[in-house]
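Structure first, then comments.
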Amino acid sequence: MDPPIPRKKLEGYEFYREVLGSPKFIVAPMVDQSELAFRRLTRRYGAQLVYTPMINAKMFADTTHKYREQNFDIASGEEGASSLPSSSSSDTDRPLIVQFCSNDPDALLRSAKLVEAHCDAVDINLGCPQDIARR
């Protein structure tokens, strides 16, 4: 069996066009507002690319509490779903960008790896004044 051929990493406009689909209507991340139900609603009204709310990478990577499940429920199969059984195209959660805040590169990498199959990109918030960003 031949080894898999590595994919070329798309950058800039190629990424915008080929992965994100050249969206014109983008819903920016909003703390405690961009959960799945809100993202679905914005898509129903024309949003073509949406962000998750800012997620604390250190807390998301920690398996000892329910932060991950509360903020990006991978287990249910709905967060980041490219299609849902017996649903319309407005019920998909793609393209999707997951936003993390972190001051710990290892926790950020662990968190990004957890969501990589469920999103199209990971965004790093580098300057949010919200309290969640300081935890």
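The values are calculated or read from the model by the stated rules, or taken from the named source; none is laboratory data. Just so it is clear, the structure is predicted and the values come from calculations on it, not from any experiment. As a convention, Cβ positions derive from the backbone with ideal geometry for all residues, glycine included, and neighbour counts pool all protein chains shown. In case anyone asks, the SASA skips ligands and DNA or RNA and just uses the protein heavy atoms, side chains included. Shrake-Rupley method; radii C 1.70, N 1.55, O 1.52, S 1.80 Å.
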List the number of the failed condition for residue 54; all other conditions in (1) among the hydrophobic types (A, V, I, L, M, F, W, C); (2) under 15 Å from the mean Cα position of the chain (by Cα); (3) more than 14 Å from residue 98 (Cα to Cα) hold. (3)
A careful count of residues in the range 38-85 that are farther than 29 Å from residue 24 by Cβ, open to solvent by 30 Å² or more (accessible area, probe 1.4 Å) and either in contact (Cβ under 8 Å) with a residue 60 or more places away in the chain or not in a loop (DSSP other than H, G, I, E, B) (or both) gives 5
Listed residues 26, 5; which is of a type in the set (Val, Ile, Thr) and free of Cβ contacts under 8 Å to residues at least 12 places away in the same chain? 5
Counting only residues in the range 87-102 that are out of contact with any Lys or Arg (no Cβ under 8 Å at 6 or more places or on another chain) and not in a strand (DSSP E or B), the one modelled with the highest pLDDT is identified as 95
